[in-house]
Structures are given as C-alpha cells and as structure tokens.
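Here the structure comes first, spelled out in structure tokens, and everything after it is commentary.
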Amino acid sequence: MNVRVAAAQIIAAILQDEGSLSSLLPVYLSKVDERDRGLLQQLCYGTLRFYPRLNAYLKLLLAKPFKAKDLDIEAILACSLYQLLETRVPPHAAVNEAVATTIALKKSWAKGLVNAVVRRFLREQNALSEKLAGNDVFRTAHPAWLLALLEEAYRDQLDNIIAANNQQPPMVLRANRRHISRDDYCARLESAGIIAHPTPFSPDGLLLEQPCDVLALPGFSEGDVSVQDEAAQLAASLLNATPGQRILDACCAPGGKTGHLLELLDGCGDVLALDMAPQRLQRVEENLERLGLQAELIAADAQATADWWDGRPFDRILLDAPCSASGVIRRHPDVKLLRKPADIAKLASLQLALLQALWPLLADDGMLLYATCSVLPQENDRVIENFVRATPDVTVEAVPTSAGMATSMGRQLLPQLQGHDGFYFALLKKAATA
C-alpha cells in the first residue's frame, strides 16, 4: 500500500472521529512495505501534532471546507504542509508527492486543487504566517478549548506545557529489578551503543538519548526491560504493596503498571488485573508472559462489581482511570482532534463513578491510588474533592514523591521537555471499622 495514501486515510478517519491513532496505525503499518513504516509513523504523528496550526493555514488557502467524503484530500494537504514546515523534504518533492497521492486515491479531480494550494503556500507562507500571528491556536498548535483550560490552571507554566506537548516524546525504559539492577542494565545499553541516563524520580527508569527499536534493547525479549514513561513508573511504588496483600489493578491495559507491581513484589503478588476490552487484556497477558509474571486477568467493567468480584476485599487498589490523556499529548497527538470540550465533564463523571464503585471493595486500612494521565484539575483534584466530600471513611494521604507539585488532594506532574509525561496521583486510605 502507498505510504502517503495510508497516512491520508488514517488522518481522514481521525478527522471524522472514526478511530484513534493507536487503533488505526497498527492496521496500516501491516499494509505498507517494511521500509516505509517509519515514514508512515512520521507523517501521521507529525501532521497530527501540528494539525491545529496546519488547519489554520488551510482555512486561508481553501475557498471552502471539504465534504466528509473528501477529508483524505485535506489530509494530503496537511501532510504536505507538515513536511514543508517541519522536515527537510524539498518543495518540488512535496508538491509532486501530494499530487501523486490524489491519483493513488483515485481522486484525480483533486490534482489541480492540491497542486495549486501547495504551490500557493510556498509562495505566500510568510504573508500567511503574519496574518495568523495573533491566533493562539496557530501559535500553540492546540485547540482553543484545551488552551483555555491549560491557561486557567497553569498560566505560569503554560509555555513549557505547550513546548512539551509539541515535541517528539523521549523513550524511557524500566529495568526489571528481578533480573538486573538499573545501573547494570545501563552498562549493558552502553555496551550495545545505546546511551541512557537514570531518571530522577523512578529508581528503575532510564531515559534514552535517542529512541530505538525495542528489539535492539538487550534482553527485551527475555523480560529484562520494558518501555514505560517515568511518570507511569511511579504508580507501582506509590501503592506501597507488600507480598501477601491482595491487589486490584483496575483499568489495567496495556499492563505496564501490572507488570511493575509484580516486579516490585518479586512475582509473589496476588494481583487481579481488570480491563473492559478483551483485546486490550490480551496485550496485558503478552506483556506479563514476556516478563515471566502472572496475574489473574478478567475482562469486565470495573463499575459492575457484581459481575466479577468474589467478595474478598483488596488491600490495595490501583485505579488508573480513563481520562482525557491531556498529559500525554506528545505520545497521542490525535487527542488534539478527538477530544471535545464536553468530554471533560463526562470523563469526570465516569472517574467519580469508578471511585464510588471500587471503594467498597477496599479492606479497612487499605490504600487506593487514583491516577490519570491528565493535567486538567477537572479530572484530578476536583474528582477527588467530590469523592471525599461524599465518603466518610476516607482520608487523603500525602503522595510520597518529590516529582511534580503538591495540590490540595494529591500530586500533579506536568509534561517535561526531555522528561516525564503529565500525570496525577491521589492516595486515599480507608478508615478501619470501629
């Protein structure tokens, strides 16, 4: 399959809210030549990362918006502008490839339009940029609604958040302490020509200077190491679980935190890992198998506790709640297109419902760690505030990490340039029955 056709179809589907990058890209990667897979990833991630800016240009360049059935042509134009602005593709090549892609899509009627739009952009780029200079969406490459929420919550840190969101994410590893220490694994990487540095907050984390194929990592297939951002690595240690305790990892897919929990327990944990989607749970199983670890896996809705809970309380619960993913936009740039303003209140309602459903399953003196990969207070402190207000047997504990900044209910990590993702943690303890 033509790599630029694949990119156009993926981006068009996302524009129509017919899928996400994480669900669509693997399908199309299997259809293109192996040597083109890196280019397909670059086109999709790069175009989506800067889409609000590219779309601002296109609104000036096009007389009218495309119909839904022709959003693949819009995607071709956006990819071309991305290449011209952010890569070293020569202008003549960008024009020729854009026109050729319309033919490959069997939309020859768009050849002249695409040719004219891209050439006009090349001629008028400076003038167009000056016209858009006062447009915050153009300047930040973020949708207006999200920009407003970020500015409201983090006015002083806004520029750093925007810069981090618009960068390619760093690759971070988690050494499996059951197999090897972080320092020893770092030395193995160096011997393999891969330069890494210890992460400042996770004792198992290593930040690579340059991303690489996971199969190039020494001992990856044997479970010596996993790929996991530093912020996400903190969850397992913050839960402070010990062997012999019963642990629930709700909403567990893709299983990075499940695996880390079991590593910290030296494989001796009684862990139930729950996820609603059976296909996502399959990935958890594959990850645990690679690590040589086992957990009880159940495909079920965490809220519908009557369908899966056996009545035995849990000493520890990890609730990595579904969220806006506003803290990991650099890893999921399609969030800028897929998320809508109304989603935040819906997600907050779901997050509160999950807390309320799982709390009765927690043993007296047990701990629940609430986590999201969001930076929005509406999904974080405010959810916890609402839960605490309605729950008499809960106390909010200090989150034992120096990462990020303390909030009224927990700890907020903001995305860092060449550092960890955005993440939130709140640690809740259940009072013992009198």
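The values are calculated or read from the model by the stated rules, or taken from the named source; none is laboratory data. Note that this is a predicted model, so its numbers are computed, not measured. Reconstructed Cβ throughout: ideal geometry from the backbone, glycine too, with neighbour counts over all protein chains shown. Keep in mind that these areas ignore ligands, DNA and RNA; they rest on the heavy atoms of the full protein, side chains included. Shrake-Rupley method; radii C 1.70, N 1.55, O 1.52, S 1.80 Å.
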For the chain, calculate the relative contact order in percent as a whole number, restricting contacts to Cα pairs under 8 Å that are 6 or more residues apart. 13 percent
Among L147, A75, I11, the residue whose Cα sits farthest towards the positive end of the charge dipole of the chain, when +1 is placed on the Cβ of each Lys and Arg and -1 on the Cβ of each Asp and Glu, is A75
Restricting things to alpha carbons, tell me how big the chain is in terms of Rg and Dmax, in Å. 23.2, 78
At 1.4 Å probe radius, can you tell me the per residue accessible area of segment 291-369 in Å²? 38 Å²
Heads up, segment 87-217 by the C-alpha gyration tensor (a ≥ b ≥ c square roots of eigenvalues; a/c under 1.5 rounded, else a/b over b/c prolate, else oblate) looks oblate
Which percent of the accessible heavy-atom area of segment 1-47 goes to carbon and sulfur, probe 1.4 angstrom? 42 percent
Helix-only estimate, please: 222 nm mean residue ellipticity of the chain, summing -39500 (n - 2.57) across DSSP H runs of length 4 or more and dividing by its residues, to the nearest 500. -14000 deg cm²/dmol
More than 18 angstrom apart: percent of Cα pairs within segment 153-262: 55 percent
Of K31/K107; K67/K257; K64/K340, pairs whose Cα-Cα distance is over 31 Å: K67/K257
With +1 on the Cβ of every Lys and Arg and -1 on the Cβ of every Asp and Glu, the dipole magnitude of segment 138-273 about its Cα centre, in debye rounded to the nearest 20, is 180 debye
Rounded if a/c is under 1.5, else prolate if a/b beats b/c, else oblate: with a ≥ b ≥ c from the C-alpha gyration tensor eigenvalues square-rooted, which is segment 292-434? prolate
Taking the Cα atoms only, what angle lies between the long axis of helix 278-291 and the longest principal axis of the chain, rounded to 10 degrees? 70 degrees
Could you pull the Cα extents of segment 216-275 along its three principal axes, largest to smallest, in whole Å? 36, 21, 20
Most positive-pole-ward Cα, N96, F121, N166, against dipole of segment 77-199 from beta carbon charges: N96
Accessible surface, segment 123-177, averaged per residue in Å² (probe 1.4 Å): 51 Å²
Using the alpha-carbon centroid of each, what span in Å lies between segment 369-412 and segment 129-196? 22 Å
Measure nothing fancy, just the Cα-based angle from helix 144-153's long axis to the longest principal axis of the chain, in degrees from 0 to 90, nearest 10. 40 degrees
Where the accessible area of segment 165-299 is counted over protein heavy atoms with a 1.4 Å probe, how much of it, in %, is carbon and sulfur? 48 percent
